[in-house]
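I have placed the structure first, in the form of structure tokens, so that the comments after it can refer back to it.
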Amino acid sequence: MIPSEFQYFAPATVDEAVGLLQQHGDDAKLIAGGHSLLPALKLRLSSPSVLIDVSKIGGLDTITVNGSVTIGAGATYRAIASSDAVRGACGVLAECVAQIGDNQVRNRGTIGGSLAHADPAADLPAVALALGASVTAKGPGGERSIGADDMFVEMLTTALEPNEVIIAVTFPTLGAGEGAAYEKLRQPASRYAIVGVAAYVKLGADGNVAEARVAVTGAGPKAVRQSASEAALAGTSGDEAAVAAAAAVAGDDMDYLGDIHASEEYRRAMVKVYTRRAIASALARARG
Ligand SMILES: Cc1cc2nc3c(=O)[nH]c(=O)nc-3n(C[C@H](O)[C@H](O)[C@H](O)COP(=O)(O)OP(=O)(O)OC[C@H]3O[C@@H](n4cnc5c(N)ncnc54)[C@H](O)[C@@H]3O)c2cc1C
């Protein structure tokens, strides 16, 4: 349980961090809250010879709510969950991070670390997908924006380039007629998602569902949108039958993982149950 030896750098700016990544290449790894990386180092699943600590970069944890919700990559779950501005503009985001791990994890873990790590059981990827969030990353060529739909490539793998640092994640603010919810079946010890479902709905002037987005995490190798459920819900009145129909097709077209906590079959069944709950809750919020 002792990591292999590494050099430690604590850059003061993102540019310095990018420079260090360029300089040390594959030998280097960024560290933020350390709640995914440190266990991997201690188990020697990862043995970088250089650690670049982004938690000392000034301003990387800034939260700005101004038409949209922009969360600095270094913002901790605790900071996000306790932000009145986030709770008012994008309540589901605050609710999601408040359910991550325990106090220690929420005090240290960061939004940037979570999305960069892309753990198959992580909560935030589902919410990022359902809300259409975007990730801003900075590399040697400057900044670029990565839509949540393009971010999660496969298990523990994202669209980030090796020399890129996530600097912020932007979510939309939710207005009248919009609602979103995150429902998870949590692993009782770690609170990771055995199955987690995020749903977003927007009602049209006629009260019908104009837009729906649903995403599942925890069940398979990566978080994924549920296009069949979204299509089943869009254009309907969002009544009980429509919600049931959308839930019935959830998870039919995705890969599953089974482990000591839950079999593939159980996860497949729970995706439908939690999709129904998440959509029903999102609809109730959209209707005010
Ligand atoms: C006991 C326990 C329970 C947990 N329960 C949950 C849970 O219920 N739900 C959940 O979602 N997660 C859970 N986690 C994981 C936790 O959320 C981690 O904090 C998160 O996965 C990683 O964030 P971090 O800031 O700790 O990143 P780190 O561990 O420091 O880094 C993780 C990865 O992200 C990279 N990285 C970090 N910051 C950046 C950046 N700015 N740009 C680019 N790459 C970056 C690192 O290089 C590394 O590869 C749990 C962890 C523990 C230990």
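Computed on the Cα atoms alone, the convex hull of the chain gives a volume of 120 cubic angstrom per residue.
Here, the stretch 113-253 is characterised by an Rg to Rh ratio of 1.01, where Rg is the alpha-carbon radius of gyration and Rh the Kirkwood radius. In order along the stretch 77-87, phi translates into HN-Hα couplings of 4, 4, 5, 5, 5, 9, 7, 4, 5, 5, 4 Hz, rounded to whole numbers, per the Karplus curve 6.51 cos²θ - 1.76 cosθ + 1.60 with θ = phi - 60° and x for Gly and Pro.
Packing, taken as the mean count of other beta carbons within 10 Å per residue, orders the peptides 136-144, 266-274, 209-217, 42-50 from highest to lowest as 209-217, 266-274, 136-144, 42-50. Computed from backbone phi with θ = phi - 60° and the Karplus coefficients 6.51, -1.76 and 1.60, the 3J(HN,Hα) list for the stretch 126-139 is 5, 5, 4, 5, 5, 8, x, 5, 10, 9, 9, 10, 10, x Hz; x is used for glycine and proline. Distances between placed amide hydrogens fall under 5 Å for ILE194 paired with LEU185, ARG186, GLN187, all partners being 5 or more residues away or on another chain.
Ligands, DNA and RNA left out, the 1.4 Å accessible surface of the chain is 50% carbon and sulfur atoms. With each run of n ≥ 4 DSSP H residues scored as -39500 (n - 2.57), what mean residue ellipticity at 222 nm is computed for the chain after dividing by its residue count and rounding to the nearest 500 deg cm²/dmol? Helix-only estimate at 222 nm: -9500 deg cm²/dmol. The lysine pair tally for the chain, using Cα distances under 29 Å and a gap of 8 or more places or different chains, is 16. Ligands, DNA and RNA are left out, and with a 1.4 angstrom probe the accessible area of the chain is 44 Å² per residue. For ALA168, the residues whose modelled amide H falls within less than 5 Å of its own, excluding neighbours fewer than 5 places apart on the same chain, are ALA73, THR136.
Calculation over all alpha carbon pairs of the stretch 26-179 in 10 angstrom steps from 0 returns a P(r) of 11, 44, 36, 9, 1, 0 percent.
The values are calculated or read from the model by the stated rules, or taken from the named source; none is laboratory data. Source: prediction; values computed, not measured. Note: ideal-geometry Cβ built from the backbone for every residue, glycine included; neighbour counts use all protein chains shown. For the accessible areas, the whole protein counts, side chains as well, though only heavy atoms, and no ligand, DNA or RNA atoms are used. Shrake-Rupley method; radii C 1.70, N 1.55, O 1.52, S 1.80 Å.
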